[in-house]
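Input: a single structure, listed below in structure tokens.
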Amino acid sequence: MRQHFLNRLITAMALMLLTGCAAVQPWEKGEFAREDMQLGAEALDLALDDHVYFSKEGASGGRSFSGGGCGCN
């Protein structure tokens, strides 16, 4: 019974690893360079993230400019 379970587990893990592999062709790479695929595509999401970070850390900025270390406003 235990050996049967281990065989199924190993087979399932091998299938999961094999399905994650995909070759991206050069003409398909342009899809990842689209503006809406960038991390900063949603301005509202970035503003909310900055607000949460400011509220938790007591420091603002750091996304587009360098600043000091004390976090004073």
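The values are calculated or read from the model by the stated rules, or taken from the named source; none is laboratory data. Keep in mind the model is a prediction, meaning the values are calculated, not measured. In this analysis, Cβ positions are derived from the backbone assuming ideal geometry, glycine residues included, and neighbour counts consider all displayed protein chains.
Going through Phe65, Phe54 one at a time, which residue ends up being at pLDDT below 80, of a type in the set (Phe, Trp, Tyr), part of a loop (DSSP other than H, G, I, E, B) and over 20 Å from the mean Cα position of the chain (by Cα)? Break it down into steps so the answer makes sense when it comes.
Working: Phe54 fails: part of a loop (DSSP other than H, G, I, E, B).
So the residue among Phe65, Phe54 that is at pLDDT below 80, of a type in the set (Phe, Trp, Tyr), part of a loop (DSSP other than H, G, I, E, B) and over 20 Å from the mean Cα position of the chain (by Cα) is Phe65.
In region 1-26, how many residues are small (Gly, Ala, Ser) and outside any loop (DSSP other than H, G, I, E, B)?
Restricting attention to region 1-26, the residues satisfying the condition of being small (Gly, Ala, Ser) are 12, 14, 20, 22-23.
Cutting the leftovers down to outside any loop (DSSP other than H, G, I, E, B) gives us 12, 14.
Within region 1-26, residues that are small (Gly, Ala, Ser) and outside any loop (DSSP other than H, G, I, E, B) number 2.
Going through region 27-43 one residue at a time, which ones are part of a loop (DSSP other than H, G, I, E, B), surrounded by fewer than 10 Cβ atoms within 10 Å (Cβ to Cβ) and more than 14 Å from the chain's Cα centre (by Cα)?
Going through region 27-43, the residues part of a loop (DSSP other than H, G, I, E, B) turn out to be 34, 38-42.
From what's left, surrounded by fewer than 10 Cβ atoms within 10 Å (Cβ to Cβ): 34, 39.
Correct list: Arg34 only.
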